[in-house]
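A.B. asks: Below is one structure. I have some questions about it.
The values are calculated or read from the model by the stated rules, or taken from the named source; none is laboratory data. Model, not experiment: these values are computed from the prediction. Virtual Cβ from ideal backbone geometry, glycine too; neighbours counted across all protein chains shown.
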C-alpha cells in the first residue's frame, strides 16, 4: 500500500511538472505571438483624436485639413466646405495600421525601397488627453513583386514595413473632390418637365421629347465638383462675366414630395410638384489650358463651370426655337 501510494504521488508530481512545463510553453508562445503582433503594428490611435491631416501624391498637390470647431476644415481657407465623411475615413485609415511583415534592413539597399522619393506622403497629428500633440509622417514606397506589398515607413523610425495595397484608396482625391459644393438635381425622362431660357428680353419655354433629350444630356455635364470660385462677390462676379449674366436657364423637373393633408393633421400623402434648378451663364475663361463657361446657380454659393459645348448647345436650342417661332 505504501509503495502504491508513493507511486501515485510520483505520477502526480510528474504530471504537475509536465503540466507546468506545458503551461509555461503555452505562455511563452502567447508572449511571442503578442510580440510579433506588436512588431507588425504601425499605428494604433483613436482617429477621433486626430486634429490635423495632410497628404501628397508624388508630383501632386498637398491637401491639408485641420479640426476647427469640431469640424474638418481646409487649412488654407477654413470657409471652404469640406466633405466630413471622406476626411473621417482618411483619419481612420491612418490611425489603425498593421503590416504584413517587417523588412530586415541589414545589408539592404534602402534606396530601392523608394522611400527617399515616396509615391505618397501622409502626415497626421493627434491631441492626447494631457493636451500634448504628436505628429506622425508616413511615406509609401515601391511595390515588392515577391511579397505583393508596398514598402512603408514612419519618418524618423528605423523600421521599414511591407503593407498590402488599400491605404491609398482613401486619399485618391484632389482638393476639389473633397469640397462639399452642393448637390444638383438629377434629371431623367420621367422627371423632366420643361426648360425656360432667357436671353436678353426674350424667354422661350421648351418641352417635349426632343427638349428632354437635349437638356438631360446638358444637365449631365453640370457637376458641383466643377467649381471655379468659392467666394461670390463683386470681384468674382465681374471676373467671370456674371454681374449681368447673358443667359439664364431654368431646368423644370417633377419631384414627388410628402405633404400634410389638412392643417394640424398627422396624415400625409405624396404629390408631384414642379421644381426648378436655375442657372445663369457668364463668360468663357481658361482653366488648366482648357476653355470653359462660368455659371452660378440660384441657392448655391459657388461659381461653377461647364464645357463650352454645353453653353453653346443651350444657346443653339434657344435660337432653334426662335427659328421655329418665325416659321410658324
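Residues checked against (1) closer than 17 Å to residue 313 by Cα; (2) outside the structural domain of residue 303 (by TED's automatic domain parsing); (3) assigned to a loop (DSSP other than H, G, I, E, B):
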{"position": "198", "(1), (2), (3)": "yes, no, no"}
{"position": "204", "(1), (2), (3)": "yes, no, no"}
{"position": "217", "(1), (2), (3)": "yes, no, no"}
{"position": "224", "(1), (2), (3)": "no, no, yes"}
{"position": "236", "(1), (2), (3)": "no, no, no"}
{"position": "252", "(1), (2), (3)": "no, no, no"}
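A.B. asks: Using the structure shown, decide if residue 140 is in the same structural domain as residue 113 (by TED's automatic domain parsing) and under 21 Å from the mean Cα position of the chain (by Cα).
C.D. replies: On the way: in the same structural domain as residue 113 (by TED's automatic domain parsing): yes; under 21 Å from the mean Cα position of the chain (by Cα): yes.
Judged against the criteria, residue 140 is a match.
A.B. asks: For region 119-152, which residues satisfy the criterion of being without any contact (Cβ under 8 Å) to a residue 40 or more places away in the chain and not in a strand (DSSP E or B)?
C.D. replies: 129, 130, 131, 132, 145, 146, 148
A.B. asks: Turning to a different aspect of this structure: Taking residue 191 as meeting all but one of (1) exposed (fewer than 12 other Cβ atoms within 10 Å of the Cβ); (2) within 30 Å of the chain's Cα centre (by Cα), write down the number of the exception.
C.D. replies: (1)
A.B. asks: Can you tell me which residue within region 58-70, out of those that are touching a helix residue (DSSP H, G or I) at 6+ places or on another chain (Cβ under 8 Å) and at pLDDT 95 or above, is nearest to residue 126 (Cα to Cα)? Outline the logic, then answer.
C.D. replies: Restricting attention to region 58-70, the residues satisfying the condition of being touching a helix residue (DSSP H, G or I) at 6+ places or on another chain (Cβ under 8 Å) are 61, 63, 65.
From what's left, at pLDDT 95 or above: 63, 65.
Working: 63: 18, 65: 13 Å.
Per the criteria, the residue is 65.
A.B. asks: Next question, about the same structure. Looking at 240, 150, 253 in this structure, which one is under 30 Å from residue 113 (Cα atoms) and modelled with pLDDT of 95 or more? Step through it out loud before you land on a result.
C.D. replies: Values: 240 fails: under 30 Å from residue 113 (Cα atoms); 253 fails: under 30 Å from residue 113 (Cα atoms).
150 is the lone residue from the list that is under 30 Å from residue 113 (Cα atoms) and modelled with pLDDT of 95 or more.
A.B. asks: Now for a different question. Consider residue 127 against the criteria (1) out of contact with any helix residue (DSSP H, G or I) (no Cβ under 8 Å at 6 or more places or on another chain); (2) surrounded by fewer than 17 Cβ atoms within 10 Å (Cβ to Cβ): it satisfies all of them except one. Which criterion is unmet?
C.D. replies: (1)
A.B. asks: Of the residues in region 215-229, how many are touching a helix residue (DSSP H, G or I) at 6+ places or on another chain (Cβ under 6 Å) and surrounded by fewer than 17 Cβ atoms within 10 Å (Cβ to Cβ)?
C.D. replies: 2
A.B. asks: Also, I was wondering about something else. Of all residues being touching a helix residue (DSSP H, G or I) at 6+ places or on another chain (Cβ under 7 Å) and under 19 Å from residue 204 (Cα atoms) in region 295-318, which is surrounded by the fewest Cβ atoms within 10 Å (Cβ to Cβ)? Just the residue, please. Talk me through it step by step, then tell me what you get.
C.D. replies: Kept after step one, since they are touching a helix residue (DSSP H, G or I) at 6+ places or on another chain (Cβ under 7 Å), are these residues of region 295-318: 303, 310, 313-314, 317.
Next, only the ones that are under 19 Å from residue 204 (Cα atoms) stay: 310, 313-314, 317.
Numbers: 310: 19, 313: 17, 314: 24, 317: 20.
The residue in question is 313.
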